[in-house]
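Each remark here refers to the structure printed beneath this line.
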Amino acid sequence: MGKLSFNIVGLQEFIISFEDYCVTCEYQAKCKYGKAAPFQVSIDCKEITTALDFKKAEAMEKLGKKHPEWDWDKREQKAKVSKAQIFSKLWNDKVKNLKDDILCMDSRKLDSMLTSQRGEEWWSDFREVMTEIDQECSKIC
């Protein structure tokens, strides 16, 4: 398991903490986040469903362009969405879009090799934690 952890904070809500990354980060003095206020992401089970619906709609739209003769039901049946695609959507919305606030993820402020490596580590850990959260959400719903 990576350095990310999560806690259940509501009936269907989770907080993912990047604390283990932030506490040891050598750039925290210049970052919005750090030891005193580590970066955290809130995830609700409904957001996983919403991300699935979004990615499914994208896939159906692509299929509709590729196969205009297919009706809605056929496109819905053929549209496949992986967990990685769902988690990637959440990653982009919850982490990547905040890169201006997260110094070690901003390649305009730090070396791009370093930010790329950090991004890969965080993404890998995020996927693992999201898999666990997804399993928890399946138990609840």
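The values are calculated or read from the model by the stated rules, or taken from the named source; none is laboratory data. Nothing here was measured: the structure is a model prediction, and the numbers come from that model. Note that each Cβ is placed from the backbone with ideal geometry, even for glycine, and that neighbours are counted across all protein chains shown. For accessibility, only protein heavy atoms count, side chains too; no ligands or nucleic acids. Shrake-Rupley method; radii C 1.70, N 1.55, O 1.52, S 1.80 Å.
Some values worked out for this structure:
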| read-out | value |
| --- | --- |
| Condition met for ASP111 (of a type outside the set (A, V, I, L, M, F, W, C), closer than 27 Å to ILE140 by Cβ and modelled with pLDDT of 85 or more) | no |
| Which listed residue is open to solvent by 60 Å² or more (accessible area, probe 1.4 Å) and touching a residue at least 24 places away in the same chain (Cβ under 8 Å), from LEU52, LEU90 | LEU52 |
| Residues of region 20-63 that turn out to be of a type outside the set (Ser, Thr, Tyr), assigned to a helix (DSSP H, G or I) and over 24 Å from GLN85 (Cβ atoms), as a count | 6 |
| Extreme residue, nearest to PHE39 (Cα to Cα), among residues of region 113-122 that are open to solvent by less than 70 Å² (accessible area, probe 1.4 Å) and more than 15 Å from the chain's Cα centre (by Cα) | THR115 |
| Selected residue [assigned to a loop (DSSP other than H, G, I, E, B), of a type in the set (Asp, Glu) and open to solvent by less than 60 Å² (accessible area, probe 1.4 Å)] from ASP125, ASP134, ASP101 | ASP101 |
| Residue match in region 4-14 (condition: in a helix (DSSP H, G or I) and either under 26 Å from MET105 (Cα atoms) or open to solvent by 90 Å² or more (accessible area, probe 1.4 Å) (or both)) | no |
| Residue check for GLU69: touching a helix residue (DSSP H, G or I) at 6+ places or on another chain (Cβ under 9 Å) and not hydrophobic (A, V, I, L, M, F, W, C) | no |
| Qualifying residue in region 30-48 (condition: open to solvent by 100 Å² or more (accessible area, probe 1.4 Å) and among the aliphatic types (A, V, I, L, M)) | yes |
| Tabulated pairs, region 96-115, first without any contact (Cβ under 8 Å) to a residue 40 or more places away in the chain, second open to solvent by less than 60 Å² (accessible area, probe 1.4 Å) and among the small types (Gly, Ala, Ser), C-beta under 7 angstrom, 6+ apart or interchain | MET105/GLY119 |
| Candidate set from region 55-80 (those that are surrounded by 15 or more Cβ atoms within 10 Å (Cβ to Cβ) and farther than 30 Å from CYS104 by Cβ); member that is farthest from the chain's Cα centre (by Cα) | TRP70 |
